[in-house]
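Structure, as structure tokens:
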Amino acid sequence: QVQLVESGRVLVQPGGSLRLSCAASGSIISMNIAGWYRQAPGKERELGADLSGDGRPNYADSVKGRFSISRDNAKNTVHLQMNSLKPEDTAVYYCNAHLIRSPDYRVLDSWGQGTQVTVSS
């Protein structure tokens, strides 16, 4: 079974830092177009940051200068480093990626299970 599994600390104080990781498991050839979305209570799910196939990052205005997305192609893993966290960053964070499945090369639009991140003192 092909899936994305998230990990990371879930409670942090304002001004603190947090790193989320998401790893693809199963029979994977590669991971393309990976990103992180978030959904705050009572709000729509929104893009936080993503990486295009050529590795260029794209950030929501609300996180620019504070969040950094990166990937490890050898491990089919994507990370989100979050700095200078604010209470309004509190949300469920989901990783998303297009996974190329082995052996049929089928493209799977996959989502992680979600990680509740709370920024509070």
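The values are calculated or read from the model by the stated rules, or taken from the named source; none is laboratory data. Nothing here was measured: the structure is a model prediction, and the numbers come from that model. When we count neighbours, we look across all protein chains shown, and the Cβ atoms used for this are built from the backbone with ideal geometry, even at glycine. These area figures cover heavy atoms from the full protein model, side chains too; ligands, DNA and RNA do not enter into them. Shrake-Rupley method; radii C 1.70, N 1.55, O 1.52, S 1.80 Å.
A few points about this structure:
- Segment 76-101 residues that are more than 22 Å from Gly26 (Cβ to Cβ), paired with ones that are among the small types (Gly, Ala, Ser) and assigned to a strand (DSSP E or B) (beta carbon under 8 Å, 6 or more apart): Gln81/Ser68; Gln81/Ser70; Asn83/Ser68
- One residue stands out in segment 1-24 among those that are farther than 23 Å from Thr118 by Cβ and either free of Cβ contacts under 8 Å to residues at least 24 places away in the same chain or touching a Leu at 6+ places or on another chain (Cβ under 6 Å) (or both): the one that is surrounded by the most Cβ atoms within 10 Å (Cβ to Cβ), namely Ala24.
- Looking across segment 55-96, just one residue is hydroxyl-bearing (Ser, Thr, Tyr), in a strand (DSSP E or B) and more than 16 Å from Gly8 (Cα to Cα), and that is Tyr59.
- Pick from segment 45-54, criterion in a loop (DSSP other than H, G, I, E, B) and free of Cβ contacts under 8 Å to residues at least 40 places away in the same chain, ranking: surrounded by the fewest Cβ atoms within 10 Å (Cβ to Cβ): Asp54
- Count of segment 25-44 residues, restricted to those that are surrounded by 15 or more Cβ atoms within 10 Å (Cβ to Cβ), at pLDDT 95 or above and not hydroxyl-bearing (Ser, Thr, Tyr), is 2.
- All positions within segment 70-97 that are closer than 15 Å to Ala23 by Cβ and either touching a Pro at 6+ places or on another chain (Cβ under 6 Å) or not polar (S, T, N, Q) (or both): Arg71, Asp72, Ala74, Lys75, Val78, His79, Leu80, Tyr93, Tyr94, Cys95, Ala97
- Hey, Val63 of a type in the set (A, V, I, L, M, F, W, C), touching a helix residue (DSSP H, G or I) at 6+ places or on another chain (Cβ under 9 Å) and either surrounded by 13 or more Cβ atoms within 10 Å (Cβ to Cβ) or under 24 Å from Thr118 (Cβ atoms) (or both) or not: yes
- Verdict on Pro87 being farther than 15 Å from Arg38 by Cα and either of a type in the set (Phe, Trp, Tyr) or open to solvent by 20 Å² or more (accessible area, probe 1.4 Å) (or both): no
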